1. Given a 1.4 Å probe and no ligands, DNA or RNA in the count, how much accessible surface is buried by A and B, both sides, to the nearest 100 Å²?
2. Can you figure out the FRET efficiency of B:LEU170 with B:PHE306, using R₀ = 25 Å and their beta-carbon distance, to the nearest 0.05?
3. Calculate, in whole percent, how much of the Cα-Cα pair population of the protein assembly as shown lies beyond 40 Å.
4. Where Rh is the Kirkwood radius over the Cα pairs of region B:199-337, the temperature 20 °C and the viscosity 1.002 mPa s, what D in µm²/s does Stokes-Einstein return?
5. Would you please classify the overall shape of region A:134-184 from the alpha carbon gyration tensor, given that a ≥ b ≥ c denote the square roots of the eigenvalues, rounded means a/c under 1.5, and beyond that prolate means a/b larger than b/c while oblate covers the rest?
6. Averaged across the residues of B:74-81, what count of C-beta atoms belonging to other chains lies within 10 Å of each residue's C-beta?
7. Please give the calculated 222 nm ellipticity per residue for chain A, where each DSSP H segment of at least 4 residues contributes -39500 (n - 2.57) and the sum is spread over every residue; nearest 500 deg cm²/dmol?
8. Among A:VAL127, A:LEU144, A:SER37, which residue has its Cα furthest toward the positive end of the charge dipole of chain A, with +1 on Lys/Arg Cβ and -1 on Asp/Glu Cβ?
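The values are calculated or read from the model by the stated rules, or taken from the named source; none is laboratory data. Please read all numbers here as calculations on a predicted model, not as lab measurements. With ideal geometry, Cβ positions are generated from the backbone for all residues, glycine too; neighbour counts draw on all protein chains shown. In case anyone asks, the SASA skips ligands and DNA or RNA and just uses the protein heavy atoms, side chains included. Shrake-Rupley method; radii C 1.70, N 1.55, O 1.52, S 1.80 Å.
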Amino acid sequence: MIAAMRRIDPLAWLAVPATAYLAFAFALPLGLLLVKSVWTADGFTLASYVKFFADPFSWRVLTNTLKIAFLVTLVTLLLGYPVAFALAMSRGWLQVMLLVAMILPLSIGAVVKAFSWQIVLRRDGVVNRFLEWTGLIDEPVRFLFTETGLVLGAANIFLPFMVLPIYSVVRLIDPRLSEAAATLGAGPVYGFLRITAILSLPGVVAGIAFVFSLSISMYVIPSLLIGDRYQLLATLTGRSFLFLRNETLGSTVAVILLIIAIAVVMVSSYLSNRLRSAR
Amino acid sequence: MTQAHLDIRGVSKAYGETTVLDRLDLAVGRGEFISLLGPSGCGKTTLLRLVAGLLNADSGTIAVDGKDLTALPAHKRNIGVVFQNYALFPHLTVAENVAFGLEAKGTPKGEVAEIVKRTLALVKLAEMAPRTIFALSGGQQQRVAVARALAIRPSLLLLDEPFSALDRKLRESMQIDLRRLLRELGITAVFVTHDQEEAMVMSDRIAVMNRGAIEQLAAPKTIYDKPATAFALEFLGGSTRLRATVASVDGDYVQLDTKLGQITGKGHFLRGVDVLAGVRPEKIAVNRPPSPDRNSVAARVVDRVFLGSKLMVIFDAGPGGQGVAELNAADMPELPADGVVEFSWQIADTLVFPAEAPA
């Protein structure tokens, strides 16, 4: 026991600087935020939470946030799942190019990407021009400042966070398992559903957790693609601090957002533990 | 053999410029156990994958029971495969692994449970049914793989080095168990291995493969006693091999010049041709009085390996050759100071092959 501790000790020290930094730069401000939401001039009170949940507007913001996050997650999953397999099964140059295509956009900030989506989606943008040219529509459709536009833009920006975790799991699945399934009489679809799809689930859970938590907390993207009149929890937090100067409301919303994020992480780690122990 | 159970005709497979199999023919009888034996890269695993339908042949046909399977995908062939790493499904229990093939075919539930139970009993794993495969030892995992392949009642069982991950002791007992089980079930099996002992233990016949072709297909004893090629001599069993040149021809016999002196062998070769002379180690004796029907050479002993009742004597057979004699431990005399001893063997036991081009 003592020998084991001695062996681990030096390694544990390696984590000290990062832990200290996170305690100072992350845990401390978060703690202050939490305190601010329950501590007013009158002392400790949950009044701000009661007020928040009593207001139908708050409920609309909450459901908007969850709905948008759900849709973004769904779109990235549908688009990203096949891409993860293409990445895992391709070889050589093709794989390098696909990986670059997936990772390079991460180096461009969300602001730039959201602005480009504005250009693409506006009344005289590429999408509307194309639809008019095909004759599907007679006059421009409004995409910008709609939920559709927001979901499309956010899904595009968060796609790599769905693809990469799934890819990292899928590439480790032994291709001989599919061959074994085939020799046992399983057609390609049956074999995929019973073997590969199930073994890919830990990656899917991780991808969903990533994209969902990014989606509920996105701020810049909705600001540019849907505007002020459609509030999400994150934009409401920013608005409370920056425009309404209501720090109690801002910190209350921020804490609610944090609780949702923690719940997502806990559920997903529970699920991936279950999936792992099921093996 | 009236009609071959598995009939492979003229099968070729190439990857780009590299020819892996070259117009290969192989016929396996019903209930027969055949080993494909050869070094890595000889095409044995490729041949197995072609039969399973996991690869497509460039040309040729593969038929089972007279039915051409060449164009059928793997999942319609009903050929069982035991993979080298077993390829067990990690998220399923032992019973679920064995049930997989039956469920894929839509077998009724009650029947599936019955067959799974019976098949697991065959491989003596009945009590392991509800376990995950990670709770099993390597040997048990291999038996699950065998049970999973047998559960679908395959027309043919293919095994790709199924013992290579097991330690030696376990391997030997499992080889004998598996052979007995497959014989009892009357299953036709094709077995890929690079281990000659394994091939000899398991098989009715061995196909010695080299560079994409079968060099000899015969019972293990036949290959050992009468190897068809220098490669078969070298790959199956130990051998003394001497590089030689044909010095003179006398009817059915040839006089050969070797680094150790002149010897006689049987065969038809032209004068001046390079050949390889081979002898099985147990045919060689030491310090036997000379006799006209024996070849005799003096060679320097390099090493002696004691194997209980037997003694392996390694002697210098010149460049490109190898000298091994297997003696009864009591027959080895004291070595003289220079280490040179007289080795002799019957002319009838001298095997002569055309010299192979170096690989």
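1. Numbers: alone 17390 and 17530 Å², together 32860 Å².
Chain pair A/B: roughly 2100 Å² of buried accessible area.
2. Values: r = 26 Å, r/R0 = 1.03.
The pair B:LEU170/B:PHE306 has a calculated efficiency of 0.45.
3. Numbers: 111057 of 203203 pairs.
Percent of Cα pairs beyond 40 Å in the protein assembly as shown: 55.
4. Working: Rh = 16.5 Å.
Rounded to a whole number, D works out at 130 µm²/s.
5. Values: a/c = 6.20, a/b = 2.32, b/c = 2.67.
Judged from the Cα gyration tensor, region A:134-184 comes out oblate (a/c at least 1.5, b/c at or above a/b).
6. What the average comes to for B:74-81 is 5.
7. Working: 15 runs with 206 residues, N = 279.
The per-residue figure over chain A is -23500 deg cm²/dmol.
8. Toward the positive end, the furthest listed residue is A:SER37.
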